[in-house]
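Have a look at the structure below before the remarks.
The values are calculated or read from the model by the stated rules, or taken from the named source; none is laboratory data. Quick caveat: nothing in here was measured; it's all calculated off a predicted structure. Reconstructed Cβ throughout: ideal geometry from the backbone, glycine too, with neighbour counts over all protein chains shown. We work out accessible area using only protein heavy atoms, side chains counted, and drop any ligands, DNA or RNA first. Shrake-Rupley method; radii C 1.70, N 1.55, O 1.52, S 1.80 Å.
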Amino acid sequence: MRHLIPILGLLQCLFCHFSWGEENSAYQAVSVQHGGQEYHYRLLRPTAATGKFPLVVFLHGAGERGTDNLAQLKFLPKALGGELRPKFPFFVLAPQCAPGQQWVNAPWGDKQCTPMAEKPSVMLGNAIAALEQTRKDPQVDQSRIYLTGISMGGYGTWELAMRHPNWFAAVVPICGGGDEAKAAVLKDLPLWVFHGGADTVVWPERSQRMIDAISSAGGKPQFSLLPGVGHNSWEPAYALPSGLLDWLFSQRQQGK
């Protein structure tokens, strides 16, 4: 009986290895020092040894929080590391939020916005540190850095874009919300926002109010409100027929 536990442990490790998937095994585990701590995240690098390539920053939702530095590689990161990798050669940065924490310390179920804090949350600060480190890679095309996130990560996407609007060539918040009072800083940034019309986890009004605030400031954001779609609006948004990914990778910052 004493040999059973090691054998079960070995089988469990083997299961984790094989369930990891080829598309996710392409992601490297990377770390950065921030706030006196070592923060671990995942990075997909282009297969080419030379040249410059776009960088996609993905902020996951509440269901992918953890400490394994793996769970965040679902949805878009999984597709970009697998079947879409030959079509779109790029970097993908996927940080992970710790259990019980949020990219933005705001209740995402509220219809009213929470004013943006003076400083980012610890978790968003970690993601920013990871991005700052990744941006220094000589193969990153500084004119083609893109930001997207879903649900809790949609909130993080709005806030990160508002804190550093000059970093990104385009931003895609999905079923999130932000501080409308700060939204004017995004008026010159290409934005495509998605939200399910039947979403009751994050209310569609949160996206609509951000769109209205940016439009009132002179911006021209795109907004896809998906009729009958619930909270999982990222599935139709990231699917190739939506045209989002082709649009995203066609955006480029001028002067960089």
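The selection criterion, being surrounded by 15 or more Cβ atoms within 10 Å (Cβ to Cβ), within 24 Å of PRO138 (Cβ to Cβ) and either small (Gly, Ala, Ser) or at pLDDT below 90 (or both), does not hold for ALA49. Mind listing just one residue for me: the one in the stretch 177-194 that is of a type in the set (A, V, I, L, M) and assigned to a helix (DSSP H, G or I) and, of those, surrounded by the fewest Cβ atoms within 10 Å (Cβ to Cβ)? The selected residue is ALA181.
In this structure, PHE58 qualifies as touching a Gly at 6+ places or on another chain (Cβ under 7 Å), under 20 Å from ALA161 (Cα atoms) and either buried (at least 19 other Cβ atoms within 10 Å of the Cβ) or among the aliphatic types (A, V, I, L, M) (or both). Among the residues of this structure, ILE174 does not count as one that is over 20 Å from the mean Cα position of the chain (by Cα) and open to solvent by less than 40 Å² (accessible area, probe 1.4 Å). If you go through the stretch 212-256 and pick out every residue that is assigned to a helix (DSSP H, G or I), out of contact with any helix residue (DSSP H, G or I) (no Cβ under 9 Å at 6 or more places or on another chain) and not polar (S, T, N, Q), you end up with 5.
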